[in-house]
Amino acid sequence: MSGHSKWANIKRKKGANDAIRAKMTTKIGREITIAVRMGGADPTGNMRLKLALSKAKSNNIPKDNINRAIQKGLGASDGSNYEELIYEGYGPAGSAVMLEVMTDNRNRTAADIRHLFSKYGGNLGETGCVGWMFHKKAIFVVDKEAFDDEESLMMIALDAGAEDFKAEDDSFEITAAPEDFDAISQALEENNIETVESEITMIPDTTVKVEGKDAEKMQTLIDMLEEHDDVQNVIPTTKWTKNKIIFRRSNNCVYFYLKIYNRGIYHGIFTSLKKSSQYL
């Protein structure tokens, strides 16, 4: 009986992961299609397409899906009515959230997003209400297992125009102005240094501590927003890592930390924050 239950749990988790992957594939495919429609199919002269292809590679999107998205961008009118929008709002405990949205029906999307904010402890704000808390940056992440020479990497990045360099537990993070994205990408490529993430995105100037029930609400709000088909990116003033949120526990307080370079979708809610002592 226990073996059957274990297999049932495995199948349920696999089904959830498959659903997440399918949603991510759809969203990235949409980005590629729109990028091609706006700037052509050559990533050399199309920064937006270059970034979308980089995201596809990081998320292991199959080549067939990528090619179909490119062909769709070159072909029929499907997707031409999509428009890009930025939504701004507030989460629990004074946290701020920015959403990058791509929709073919802004009225429907606005109603959906407003409902999700209200249902999960936040509220949708007016344009500009939290935008001043964020700035656009180029972000690169290098896995230490692939390249562990911190000093060399730092010099390569800084010489190419990087503004900041940080060594994390298992990776290096390079931050730069958006206009220096190409120069740093080329410098890394010339030195055979692969990145696990490379993108231009918004990052917050400050982060917010969230405690107890507010932490649970914040987790759920982010999950629900990311599940929405029209939401491309969720950028909170909380710290984020690939496919999971890091919660660090201190005196029964939970701290969210944001690594903006990754927007992997994380699903899974704690049963008890007080029992959560390290990474989930």
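All of the numbers you see were taken from the coordinates with simple rules; none came from a lab. These figures come from a predicted structure and were not determined experimentally. We place every Cβ from the backbone using ideal geometry, glycine too, and count neighbours over all the protein chains shown.
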Would you order K209, K119 from fewest to most other beta-carbon atoms within 10 Å of each residue's own beta-carbon? K119, K209
Segment 70-193 - Rg over Rh from alpha carbon coordinates, Kirkwood radius: 1.10
Please give the contour-minus-distance gain from E189 to E126: 0.36 nm per residue of separation, less the Cα-Cα distance, rounded to one decimal in nm. 18.5 nm
At R0 = 22 Å, how high is the FRET efficiency between D182 and H135 if r is their beta carbon distance? Nearest 0.05 is fine. 0.70
Counting only C-alpha contacts under 8 Å and six or more residues apart, can you give the relative contact order of segment 95-227 as a whole percent? 32
Quick one: if you stick a label point 7 Å off each Cα along the C-beta vector at N81 and M47, how many nm between them? 3.1
If the chain between T207 and S118 were fully stretched, how many nm would it gain, using 0.36 nm times the residue separation less the Cα-Cα distance? 29.9 nm
Mind listing the phi-derived Karplus ³J(HN,Hα) values for segment 180-187, rounded to whole Hz, using 6.51, -1.76 and 1.60 with θ = phi - 60°, and x for any glycine or proline? 9, 4, 4, 4, 6, 4, 5, 4
Potential lengthening between E163 and D148 on full extension [0.36 nm per residue; Cα-Cα distance subtracted]: 3.4 nm
Filter the GluC sites (Glu not before Pro) in segment 41-149 to those in DSSP coil with at most 15 other Cβ atoms within 10 Å of their Cβ, and list the result. E126, E145
Rounded, prolate or oblate: pick one for segment 119-170, where a ≥ b ≥ c are the square roots of the eigenvalues of its C-alpha gyration tensor, a/c under 1.5 means rounded, and failing that, prolate if a/b is larger than b/c, else oblate. oblate
Describe numerically, in nm with one decimal, the distance between label points set 7 Å from Cα along Cα→Cβ at M155 and at K63. 3.7
Nearest-0.05 FRET efficiency for E227 and N105, computed from C-beta distance (R0 22 Å): 0.80
Shape parameters for segment 14-148, alpha-carbon atoms, Rg then Dmax in Å: 17.2, 49
Can you compute the radius of gyration and Dmax for segment 57-119, using only the Cα atoms, both in Å? 16.0, 47
